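Please treat every number below as a calculation from the coordinates, not as lab data. All values reported here derive from a predicted model rather than from experimental measurement. Here Cβ is always computed from backbone atoms with ideal geometry, including for glycine, and neighbour counts include all displayed protein chains.
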């Protein structure tokens, strides 16, 4: 792909300081960009890299423009502007429409116009793949799935029977959608399976990473809101409902029947217990344990930051004495109060 | 599937309050059930939903029966009763016995009567698949595996060479059983692999979620007890032994050579260090770090619950001063004791 | 495989106490070894098992030799010596060179001499597989990948386009290398994808477990150093760079753009935030949360060990009062100081 600075300025509505005919053929960081590449400055503390960049042009805010040795496209949000332009330089291989002769597709399945079905893909009875959707090699689409238009499913993905996936949703390799929820009743001598008769419904424009697992509902469906972004190795249990635009970083686990609002943000390795309600715009920092509902927007945390082993060991021992320490502190306060009142 | 309330009462040994000829064609929650569906009340705090349910019948305890506007099947444990009946309404597609023409099966492998082997399944030399077992599309069964009768393996599963799987065990998509344990010896300049010559032995009636990894033993085998239930993204390291009926929730990790008893229950994201002994009926709450053996049945925990970011930040800083605080507290106590004794 | 004690002594440079013609046909633990098997004693606290072993020979240090009832190979590091010998007794099935007729290989791909490509493997345009490399069944190798010689890729692995893998690297089943990093810019109303135009470069002699995900770089590459060992279900985000010989245990997550030194060791379930620098030889104990750079070699931790539920509950409540407790402690100290100065 070749874009001129004029093209980019036009697409972004950016103010161009430089020659509009200069061509950009790739993307680079301020530090590593070579001539021909476009870069961006989002965080002002990297300004020294701006001052020495070899990029052919830089996206930045107006206040940084004077420090650039190269042409500048002035924008309000350089990271967002970079994201918008980055799609022109995608390096994913082009997709060939059509069904690979080595795909295994049930005769009752419906494959939309322009869809691309890779080698060894298996599509079961009555599944429907929307126009322009891409199912890459070695993926499995269960019976009765409904996959809308423009969906991209990478290799080795498993979609269980009856799952519904919205338009333009992207699912990375190795993910599993619609597996059984962890539902069992204890009989006194063992576990009796609760058959999981709900499914998973994923909205439009969702992005799901690699190695993600999303369980089907026990009775009602598990629901993934439109525009959500979900990082690798996230686990979402049965009956969970998540609102539009929520972001979930890697290795987060959400237990069953929890309901999460819109535009929430979860850091990596957060654990969320079951049957909770989380409001819209809740933010939870990495590794936090959420065991109660969070009814107000705001930021929450509970992780303990790393310390040297020696200090940590001493403090961790004291943690187990905390309640006793609190009582001793109270006793001291009382003793001093009593002493004073006795004066 | 259609069952009458009479059928259900008979199967469960339930006391029926209502017309035995009423037909049930599906399952629903108290809140969402439509006419024709069966529901249940397990937790009394949802009684208001019972009072307004549209279900055709409800499973509940005798004390809740008077509050139901619809026919009731009185049982001791409504959740267990629901689990037992739920299998009649399973929505998983029917399985076709036989070997798909696109399966790749070594001529020395043995496929039991009535087994179903899906498209692109690869079964290596000397593997044995028991009668009625189902190996779904794109799964891999290594050489010399012994898979008993009635096993169900979902798509994209990998079973390494020599793994032994008991009857009626269920393994969800993307799981990996029998990969090498994390065994390496440090040579002073790098890591030398310890070849893992044990295998994995999984008991009867085990349920394994999606994206689970269970390592083969270094020398002796990794052992998964009969009737265990294991949720998604659990990791079980080499040489681990787990007893019958133990339940492990999602994203738990068990490090090498740890031995876990029978009927234990682990919450999500628990981490268990290596070379430990955990007794029968140990329960560990979610996100707990287990670094020592737990020799007595009972419930254990160590997670810190979420707080608002402001409060958390202040408390987390204090955590790193805990040992110093404890010493200052002791000093104050001593000072007061000295003052008093000086009086 | 059969080796004599003489063969083993020669390979290891070990001092043999026993008959060099004795044959060893397998490996066993001190406790479980049967005649014909070789065992080892690394940890002196298992000496009682040495004293009763049925093994045909034992690797141990000179000071343990007198306690062995069976022939001994005296070595400095018995675990390392065992690792070196273990490869002779590997039980992985032999690999057949050649391309399986059911592999799907683009005509522009290059397959090295002696490579083994399994059934249903898909290799896209311009990918290159080095001599003697093994790509097992149902794996996917994206366009333009460069896989060096002697690499072993187990089943159901996905390697995205353009990934570079060094010689003799081993990747276990279900892992995903080169999926998109979690890069999105918030537009005010939703998330705009940042196309990930870097790749992943993996060094020589790396060992990667099952269910691992390693993201491609946003612009620059994600780099996995030579000789690294990575356990199951590890997540490594985009732009991360890790130095030679570093070991990462299961379920660790490393967030984006963090740089990790050489010969570090991370315990299971550690979480490392983004944009950090970790020095060489940093060790981090299991479940630790690393939110700041660690500039010095040494051992770090932050996990809280399990306690009984009753004690934990009381202490966890107090954790949320810690800052207040610290202030009350300070107030008491001040009060006593004031009292004393008033005397």
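Below, the figures for the structure above:
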{"quantity": "Equivalent ellipsoid dimensions for region B:47-198 as semi-axes, Å, which come from the Cα gyration tensor, largest first", "calculated": "44, 23, 12"}
{"quantity": "C-alpha center-to-center spacing [region C:246-322, region C:170-219] in angstrom", "calculated": "22"}
{"quantity": "Kirkwood Rh in Å, taken over region C:197-343 so that all alpha-carbon pairs contribute", "calculated": "17.4"}
{"quantity": "R0 of 22 Å, Cβ-Cβ distance residue C:125-residue A:90: FRET efficiency to nearest 0.05", "calculated": "0.85"}
{"quantity": "Gaussian network model of chain A, Cα within-10 Å springs - most flexible of A:72, A:99, A:270", "calculated": "A:72"}
{"quantity": "Cα convex hull of the protein assembly as shown - mean projected area over all directions, nm²", "calculated": "49.0"}
{"quantity": "Selected from A:136, A:325, A:289 as most flexible by GNM, with chain A as the system and alpha-carbon contacts under 10 Å", "calculated": "A:325"}
{"quantity": "Computed P(r) (all Cα pairs; region B:283-343; 5 Å bins; percent)", "calculated": "4, 13, 13, 12, 13, 15, 12, 9, 7, 3, 0"}
{"quantity": "Computed Rg/Rh of chain B, alpha carbon atoms with Kirkwood Rh", "calculated": "1.11"}
{"quantity": "Nm distances between copies for residue C:47, ranked from closest, using label points 7 Å along Cα→Cβ", "calculated": "6.8, 6.8"}
{"quantity": "Label-point gap, in nm, between residue A:321 and residue C:11 - each point 7 angstrom along Cα→Cβ", "calculated": "5.3"}
{"quantity": "Over region A:71-150, equivalent-ellipsoid semi-axes from the Cα gyration tensor in Å", "calculated": "35, 13, 9"}
{"quantity": "C-alpha center-to-center spacing [region B:10-73, region C:7-31] in angstrom", "calculated": "70"}
{"quantity": "Cβ-vector label at 7 Å, residue B:341, separations to other copies in nm", "calculated": "2.7, 2.7"}
{"quantity": "Share, in percent, of DSSP beta bridges within the protein assembly as shown that are antiparallel, nearest 5", "calculated": "15"}
{"quantity": "Under the Debye formula (equal points on every Cα, no solvent term), log10 I(q)/I(0) of region B:3-89 at q = 0.21, 0.22, 0.25 Å⁻¹", "calculated": "-0.88, -0.98, -1.33"}
{"quantity": "Alpha-carbon centroids, region C:82-151 and region B:81-123: separation in whole Å", "calculated": "29"}
{"quantity": "Fraction of antiparallel bridges per DSSP, chain A only, in percent to nearest 5", "calculated": "10"}
{"quantity": "Residue with peak Gaussian network fluctuation, chain C [Cα springs, cutoff 10 Å], from C:103, C:115, C:331", "calculated": "C:331"}
{"quantity": "Projected area, mean over directions - region B:98-300, Cα convex hull, nm²", "calculated": "11.0"}
